[in-house]
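Nothing in this text is a laboratory measurement; each read-out follows from the coordinates by a stated rule. Note that the coordinates shown come from a computational prediction; the quantities given were computed from them, not determined experimentally. Using ideal geometry, Cβ is built from the backbone for each residue, glycine included, and neighbour counts are taken over all protein chains shown.
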Ligand code: AHR
């Protein structure tokens with residue numbers, strides 16, 4: 001009896017094995033293909049989670065102009081020297097520019113003996129200042145002194161713990177007029193892993209002096225003065241993005257993003273309290289966004305403010321339409337146009353290429369009623385002057401105008417993204433194109449875990465398969481400072497602190513999708529097991545076929561691949577796999593590479609071959625054809 005039962009078990013389990021082995025991916029390389037959008041993979045950005053302030057914008061001094069969060073000396077402290085004195089916020093005197101209308105006043109009541117430093121001020125940056133070995137830091141600040149002040153100045157980088165000096169530079173005496181000082185701090189053989197350092201600006205002598213716009217920059221990406229952090233730009237570059245949607249997001253409208261206040265010399269930008277309730281200096285302004293685009297060879301997707309959230313519904317958007325036209329001219333106008341000339345004066349005579357302008361952000365929340373008319377005003381004015389620009393709306397099914405592209409946003413649970421994989425399969429091929437301008441599986445804080453990444457990957461197979469109509473996508477939010485109190489949004493793609501950054505599992509999904517695809521959508525059909533998803537593309541120049549497979553099952557899944565119409569199929573390809581121990585596994589600032597893609601040689605490729613997907617995995621197979 002027992003023997004028979006065991007035999008039955010063996011038969012049943014091998015039958016189960018047979019059933020499972022029947023998962024098949026039929027790839028038809030002979031069937032007609034559709035063109036894949038060349039601009040599918042891109043980035044969306046805004047000032048949220050300290051993305052720029054204490055983030056990508058590489059400034060290391062927090063509250064450089066004494067305005068953060070509302071005209072305070074936050075993040076500045078006295079450093080005792082050999083003398084006596086105090087510091088205070090000064091708002092009563094004219095600054096070096098109208099925007100620099102606050103300063104830090106040092107009142108030195110007693111000088112140090114022997115010309116030593118009497119008193120100083122220190123700043124510990126945005127949750128730390130990393131100091132690297134053999135590195136040149138750029139320092140600048142404005143200073144002015146009261147009559148009779150005879151002391152000199154010194155800047156230094158020091159370890160906070162024990163005041164170990166990593167680098168120092170001495171400067172002359174400030175005068176009675178505001179003067180901009182620039183110098184460098186050169187480190188030697190520094191060994192610092194803590195990132196807990198301080199920038200110190202001190203003075204000898206006695207008397208009164210004022211300081212403002214105190215700035216410290218490490219080396220930046222492509223060495224652009226006042227540019228972006230290298231580690232984060234390298235991560236973004238590895239995603240192979242083709243566009244950047246900016247400046248928001250919610251950052252755009254409810255606080256009314258005024259781009260004209262975010263151009264010109266940074267010292268002349270007033271800054272503002274941003275939508276996400278912290279101070280934005282606007283140092284990451286319009287030209288800086290465009291330079292970021294240039295450095296990563298991305299096209300700008302320019303979001304223009306349509307008054308949502310602050311302009312009364314019956315309000316006239318005329319001024320905003322003109323603002324948008326001026327902004328387009330600043331970005332792409334010839335230097336002989338007024339705003340093209342302003343861009344040239346700001347240092348970039350060459351116009352930027354601009355194909356996409358988006359009107360507003362998420363107007364479907366509360367502005368459906370007025371959006372129809374507002375969109376028409378923007379659409380007509382932009383098309384009249386710039387017929388080549390694609391105008392993006394934030395609401396579908398507008399009656400009066402047909403937008404070129406509609407921006408759709410999705411923040412869902414990973415399982416809901418799985419359910420939406422076929423959303424675009426039946427979308428109209430004659431309606432507006434789609435831009436999935438913000439989306440993310442929300443699971444894991446402050447960055448997504450593997451389960452979220454699998455939901456993202458499943459969804460992305462549906463987006464990629466339909467990228468004849470889904471012309472662009474961008475995950476959001478892109479960046480988050482992981483320090484306590486720095487983050488406003490739960491789940492974000494790339495985490496960072498002062499010392500470094502890390503990609504979440506979802507980041508690696510998007511890196512795989514963005515860097516491994518062809519230019520044609522190949523007909524493919526997956527039959528068999530549930531929770532498996534696919535997208536197949538081919539590069540018509542190289543013949544490489546990219547097969548993306550997502551397995552959201554807890555066990556390995558054998559898949560039989562059949563390739564009809566493949567000619568010159570090479571027996572070897574590559575397999576790149578992203579997986580982890582459990583759905584909750586993730587990356588963090590301390591374990592940045594817990595989950596990363598691993599590439600191996602794929603052997604035994606033929607017109608039919610079997611590949612076994614790892615549990616909880618995203619796989620890209622690269623197959624060589626002619
Ligand atoms: O990405 C975070 C926010 O989500 C964006 O600012 C807004 O557009 C959306 O609601």
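The Kirkwood radius of the chain, taken over pairs of alpha-carbon atoms, gives through the Stokes-Einstein law at 10 °C and 1.306 mPa s a diffusion coefficient of 59 µm² s⁻¹.
Computed from Cα atoms, the angle from the helix 2-20 axis to the main principal axis of the chain rounds to 70 degrees.
Kindly state, to the nearest 0.05, the FRET efficiency for residue 180 paired with residue 376, given R0 = 30 Å and r defined as their beta-carbon distance. Before the final figure, lay out each step's value.
Details: r = 47 Å, r/R0 = 1.58.
According to the calculation, E is roughly 0.05.
Calculated FRET efficiency, residue 168 and residue 93, Cβ-Cβ r, R0 22 Å, to nearest 0.05?
Working: r = 29 Å, r/R0 = 1.31.
It comes to 0.15.
Annotation: peptides 33-42, 498-507, 617-626, 144-153, ranked by per-residue average of other Cβ atoms within 10 Å with the highest first, follow the order 498-507, 617-626, 33-42, 144-153.
Classified by the C-alpha gyration tensor, the stretch 97-152 has an oblate form. Its axis ratio a/c, with a ≥ b ≥ c, is 1.5 or above, and a/b does not exceed b/c. Mean separation of Cα pairs under 8 Å and 6 or more residues apart, divided by the residue count, gives the stretch 479-538 a relative contact order of 22 percent. Once C-alpha pairs closer than 8 Å and six or more residues apart are averaged by separation and normalised to the residue number of the stretch 342-460, the relative contact order reads 22 percent. Across the stretch 575-626, Cα pairs under 8 Å and at least six residues apart give a relative contact order of 52 percent. Among 527, 177, sorting on how many other beta-carbon atoms sit within 10 Å of each Cβ, with the fewest leading, yields 177, 527. Quick one: grab the alpha carbon gyration tensor of the stretch 456-514, order the square roots of its eigenvalues as a ≥ b ≥ c, and give me rounded if a/c is under 1.5, else prolate or oblate depending on whether a/b is larger than b/c. Prolate, because a/c is 1.5 or more and a/b exceeds b/c.
Could you list 234, 327 in order of exposure, starting from the residue whose Cβ has the fewest other Cβ atoms within 10 Å?
234, 327
Beta bridges per DSSP, both residues in the stretch 371-516: antiparallel share near 15 percent.
The length gained on full extension between residue 72 and residue 150, counted as 0.36 nm times the residue separation minus their Cα-Cα distance, comes to 25.3 nm.
If neighbour count is taken as other Cβ atoms inside 10 Å, put 480, 293 in order from fewest to most.
Details: 480 27, 293 22.
The order, fewest Cβ neighbours first, is 293, 480.
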